[in-house]
Amino acid sequence: MKYIDLHCDTLMKCYLENKPLRENDIHIDLIRAKEAQMMAQCMAIYIPTNEAANLYKVDAEPADYFRKNLEVYKRELESNKDLLAPVLNSSDIGKNFADGKLSSILTIEDGVQVDGKLENLKELYDVGVRLITLTWNYENSFGFPQSLDPELMKLGLKPFGIEAVKYMNELGIVIDVSHLSEGGFDDVAQHSRKPFVASHSCCRSLCDAGRNLTDKQLHLLGEKGGVCGVNFAPMFIVKDSQFTHTSDVVRHFKHIVNKAGIEAAAFGSDFDGFTGELEFKDCTGMPELIDALSKSFTKRELELICYGNALRVFKENF
C-alpha cells in the first residue's frame, strides 16, 4: 500500500551530519523508501533556536540557516531526480507517482524566520514551502508553544499569527499545529478557512505528553476536516518509553478514528527526529505497520489513513 508521511527530520541529518538522501544508515533514504512504496514525504527544514541551537552548534540566524538547508535540499533534488521530484501543486503527487518517482513536499518546523512579516511567508511559498509548523518549543511571531504551565498553555495566537493564518490560506501553505499551545490550536481552528494538520502528534489520553492532542482537540480537528499524523517517537506513544511497539501505534490510530473520524488519521512519523527504537525499525517497516493496521481497518479505511486523508488536505490547500 502506498503512503504519505506528513513529517520527518531527515533533511536535518543531511545538513548537520552530511548524510546523503539517496542511501544512508538513518530512518529514511530514497532507495528504502521506494521499496516501502512511499508516495510522498513532507521534508521539514527544522530551525533550531535558543537551547536547541546550542545543542546542534548552530550559530546562523534563522533565515540564513533556512537558506543553507534549502541549498542542501535543492542539491539532493538535483542529484536524485531519477527517484525524487518536488511538489509545488498537489496534482504533482499523482503525476510523480505515475512516473515512478517519490514526491517531496518542503516544509518548515518552527516559523521563527517569518519574524512577523507577511512578505516572508510569500518568499517561503515562492521557494516551494507548502506546510509550516507554526511553533516549535519557543515563542515566536505566530504565538506560543505547548507548555506544562496551564496558563501558558491557554495563550492563543498573536495578532500577527491570526493574520498569518489567513494569509497562509490565501497563499496555499498548510497550517501545522504540532507543538502549538492549546489556545493557539483553538485560534487556528477558528480562523483557518482551510483544513489544517497536526503533522506529527499523538493522543494525550493514551500518553500524557503536552505535545499530544486532547480528545477535545481531536474532535475539533476532525470537525474542521484536518488530519493528525501519528508520531512514532516512543515518548509520545507511551509515556517515558524508549521503544515503540507496533501495537501501540495502532492503538493511537484507533483512538484518533474514534474521536475525530476515519478522515482525520494519517502518518506523521517524525523519522530522524527522535531517539529510541521502533519495533518496525525505520521506513522499511512501513509495510509491516500498514499490515498491522489492516487488522483493525477496512481496505478503504486503510487507503484513507495511508494517503487519502493527507492528499485531500493538500488538494484543499494547494
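What the table shows:
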{"item": "Neighbour-count order for 177, 313, fewest beta carbons within 10 angstrom listed first", "result": "313, 177"}
{"item": "For residue 207, net neighbour charge (Lys/Arg +1, Asp/Glu -1) across residues whose Cβ lies under 15 Å away", "result": "+1"}
{"item": "Members of 13/216; 2/81; 68/101; 2/57 lying beyond 29 Å, as alpha-carbon distances in this model show", "result": "13/216; 2/57"}
{"item": "Highest-MSF residue in the chain out of 284, 107, 298 [GNM, Cα springs under 10 Å]", "result": "298"}
{"item": "Separation in nanometres of the label points that stand 7 Å from Cα toward Cβ, at residue 67 and residue 31", "result": "3.5"}
{"item": "Nonlocal amide H pairs with residue 106, under 5 Å, H built at 1.01 Å", "result": "43, 87, 130"}
{"item": "Loop chymotrypsin sites (Phe, Trp or Tyr not before Pro), the stretch 154-218 (other Cβ atoms within 10 Å of the site Cβ: 16 or fewer; DSSP)", "result": "none"}
{"item": "Order of 235, 286, 12 under a 10 Å beta carbon neighbour criterion, fewest first", "result": "235, 12, 286"}
{"item": "Whichever aspartates and glutamates have a C-alpha closer than 19 Å to that of residue 95, once near sequence neighbours (fewer than 8 apart) are set aside", "result": "5, 35, 78, 82, 303, 316"}
{"item": "Residues 269, 103, 205, sorted so that the one with the fewest Cβ neighbours within 10 Å comes first", "result": "205, 103, 269"}
{"item": "Lys, Arg +1 and Asp, Glu -1 on Cβ, resulting dipole of the chain about Cα centre, debye, nearest 20", "result": "920"}
{"item": "The chain - percent relative contact order, Cα under 8 Å, separation 6 or more", "result": "19"}
{"item": "Residue-count net charge about residue 28 - beta-carbon cut-off 10 Å; Lys, Arg +1, Asp, Glu -1", "result": "-2"}
{"item": "Inter-site label distance for residue 298 and residue 284 at 7 Å from Cα along Cβ, in nm", "result": "3.5"}
{"item": "Reciprocal of mean inverse Cα separation for the stretch 274-318 (Kirkwood radius, Å)", "result": "12.1"}
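Just so you know, all these numbers are worked out from the coordinates, no wet-lab data involved. Here the structure is a predicted model, which is why all the values come from computation and not from measurement. In this analysis, Cβ positions are derived from the backbone assuming ideal geometry, glycine residues included, and neighbour counts consider all displayed protein chains.
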